[in-house]
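The values are calculated or read from the model by the stated rules, or taken from the named source; none is laboratory data. Just so it is clear, the model here is predicted, and its values are computed rather than measured. Cβ placement follows ideal geometry from the backbone for every residue including glycine, while neighbour counts extend to all protein chains displayed.
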Amino acid sequence: MAFWSPQAQAESDSADRAAIDAGSDDAGLVARLHTDPAVLTLLYERYLEPVYRYCYVRMGNRERAEDATSEVFLRVVARLGDYQQGNFAAWLFRIAHNVVVDSYRAQRPEAAIDDAMHLSDPQPTAEDAIAGGAEYEPLYNALAMLNHEQRAVIELQFTGWADAQIAAALSRTPAAVRMLRLRAMQRLREIMKPSR
């Protein structure tokens, strides 16, 4: 007769987790969430870095990206009941996108137009430029000039997503993602080309 021990439990959990992790697809993992809450940890670990990178690329600030990433996973936990069988990465990306948009909406100034007359010069100081990563500002400005899908493809690529993941997240084929990326890069070159 075998007795329970913390070490035996840890070894069993580790073996179960390795079996879950080895080639598991997201749909299978999500289906197991109702019977095995530990699967949520695996999904969290699988997507933490890509979600953080996406938030960081969109927000350009480490602290805000960390806060947004936390909010994404809080919403995932709160809305697991709303998840319908489909592409988990696409659903997660949609939540991340909404969190980023909500973050920008929350910081939108609400001052009256008359108050704008008393604002200081909006040009950043040299200290602000150094602290804020001014070297990336032309790229961020150029990205803002792309259409939504082109920008999403570039941002997701920057965050390390594969073509298949981007395609699923945008409900496109991988070939369409490659074409969007090509057109986005051509447009970025055109925008960022120094004027003569």
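Taking region 163-196 as the range and being polar (S, T, N, Q) and surrounded by 18 or more Cβ atoms within 10 Å (Cβ to Cβ) as the test, only Q165 passes. Restricting attention to region 158-169, the residues that are assigned to a helix (DSSP H, G or I), within 13 Å of the chain's Cα centre (by Cα) and in contact (Cβ under 8 Å) with a residue 24 or more places away in the chain add up to 3. All conditions but one from (1) within 16 Å of G28 (Cα to Cα); (2) in contact (Cβ under 8 Å) with a residue 40 or more places away in the chain apply to G60; the one that does not is (1).
In region 4-26, of all residues being surrounded by 12 or more Cβ atoms within 10 Å (Cβ to Cβ) and in a helix (DSSP H, G or I), the one that is modelled with the highest pLDDT corresponds to D26.
Look at region 135-157: where a residue is of a type in the set (K, R) and a partner is in a helix (DSSP H, G or I), sitting 6+ places away or on another chain with Cβ atoms under 6 Å, you get R151/L143. With the condition kept exactly as written, say whether any residue in region 102-122 is within 18 Å of the chain's Cα centre (by Cα), of a type in the set (S, T, N, Q) and modelled with pLDDT of 55 or more. Checked against the condition, which is being within 18 Å of the chain's Cα centre (by Cα), of a type in the set (S, T, N, Q) and modelled with pLDDT of 55 or more, region 102-122 yields at least one hit.
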